[in-house]
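Below is one structure, written out as structure tokens; comments come after it.
The values are calculated or read from the model by the stated rules, or taken from the named source; none is laboratory data. None of these values were measured; they are calculated from a predicted model. Glycine also receives a Cβ, built like all others from the backbone with ideal geometry; neighbour counts cover every protein chain displayed.
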């Protein structure tokens with residue numbers, strides 16, 4: 001069986017959001033699974049010297065236009081959040097707290113958080129908002145707000161997110177979404193069609 005595809009993303013990234021809506025189905029069409037890996041672009045920007053897109057002249061204005069256009073093209077629910085770019089630390093920690101024991105539920109939570117942020121325009125930065133969404137999404141597993149809030153402050157969970165981000169840098173990841181297929185890198189939502197063709201052909 002082929003190795004899983006690694007899907008790196010930041011919860012602050014609208015392009016990561018759009019990719020999250022498609023990546024698993026795309027991979028499954030080629031008999032591949034996907035390992036979701038949230039990261040913190042803020043830490044990566046310290047390495048690359050970049051600033052968030054929204055803080056860059058001209059590029060920020062283009063982004064706000066472009067993501068609305070993508071939403072209309074794909075039919076994805078989308079409201080540009082007033083809180084953008086959101087701090088994705090709590091959301092990312094919640095994912096890594098859950099993913100080893102319940103990887104599919106962790107993906108479900110990530111989708112719910114992404115939808116709340118970009119589909120409904122909610123600010124998912126605060127820990128209590130993340131805990132609320134997690135409780136709504138994972139209540140059937142017995143997780144409540146207090147358990148989620150405790151997990152967000154757990155040093156092991158904090159270290160996991162830091163380690164995943166550092167590993168991403170070591171693998172050449174510098175943006176969101178960033179997909180690695182057998183170490184072949186693809187950066188950006190607009191590379192998913194190329195990724196699809198790469199998987200179909202075995203590369204070129």
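Just a few scattered comments:
- Residue check for residue 134: in a loop (DSSP other than H, G, I, E, B) and out of contact with any strand residue (DSSP E or B) (no Cβ under 8 Å at 6 or more places or on another chain): no
- Number of the exception - residue 100 against (1) within 24 Å of residue 148 (Cα to Cα); (2) out of contact with any helix residue (DSSP H, G or I) (no Cβ under 9 Å at 6 or more places or on another chain); (3) surrounded by fewer than 13 Cβ atoms within 10 Å (Cβ to Cβ): (2)
Listed here are the residues, each with its yes/no results for (1) farther than 18 Å from residue 125 by Cα; (2) touching a strand residue (DSSP E or B) at 6+ places or on another chain (Cβ under 7 Å); (3) surrounded by 18 or more Cβ atoms within 10 Å (Cβ to Cβ).
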position: 3; (1), (2), (3): yes, no, no
position: 13; (1), (2), (3): no, no, yes
position: 25; (1), (2), (3): yes, no, no
position: 31; (1), (2), (3): yes, no, no
position: 39; (1), (2), (3): no, yes, yes
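- Condition check for residue 176: under 19 Å from residue 25 (Cα atoms), modelled with pLDDT of 95 or more and outside any helix (DSSP H, G or I): yes
- In segment 163-172, residue nearest to the chain's Cα centre (by Cα) [restricted to those that are surrounded by fewer than 12 Cβ atoms within 10 Å (Cβ to Cβ) and assigned to a helix (DSSP H, G or I)]: 163
- Failed condition for residue 35, given (1) closer than 25 Å to residue 93 by Cβ; (2) crowded, with 17+ Cβ neighbours inside 10 Å: (2)
- Test result for residue 106, surrounded by fewer than 21 Cβ atoms within 10 Å (Cβ to Cβ), in a helix (DSSP H, G or I), in contact with a strand residue (DSSP E or B) (Cβ under 9 Å, 6 or more places away or on another chain) and in contact (Cβ under 8 Å) with a residue 60 or more places away in the chain: yes
- The residue list 160, 93, 145 contains one member that is over 27 Å from residue 48 (Cβ atoms) and in contact with a helix residue (DSSP H, G or I) (Cβ under 6 Å, 6 or more places away or on another chain), which is 145.
Yes or no, residue by residue, for (1) over 18 Å from residue 102 (Cα atoms); (2) at pLDDT 95 or above; (3) surrounded by fewer than 16 Cβ atoms within 10 Å (Cβ to Cβ):
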| position | (1), (2), (3) |
| --- | --- |
| 115 | yes, yes, no |
| 124 | yes, yes, no |
| 137 | no, no, no |
| 140 | no, no, yes |
| 144 | no, no, yes |
| 159 | yes, yes, yes |
| 193 | yes, yes, yes |
| 201 | yes, yes, yes |
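- Condition check for residue 151: touching a helix residue (DSSP H, G or I) at 6+ places or on another chain (Cβ under 7 Å), over 23 Å from residue 17 (Cα atoms) and in a helix (DSSP H, G or I): yes
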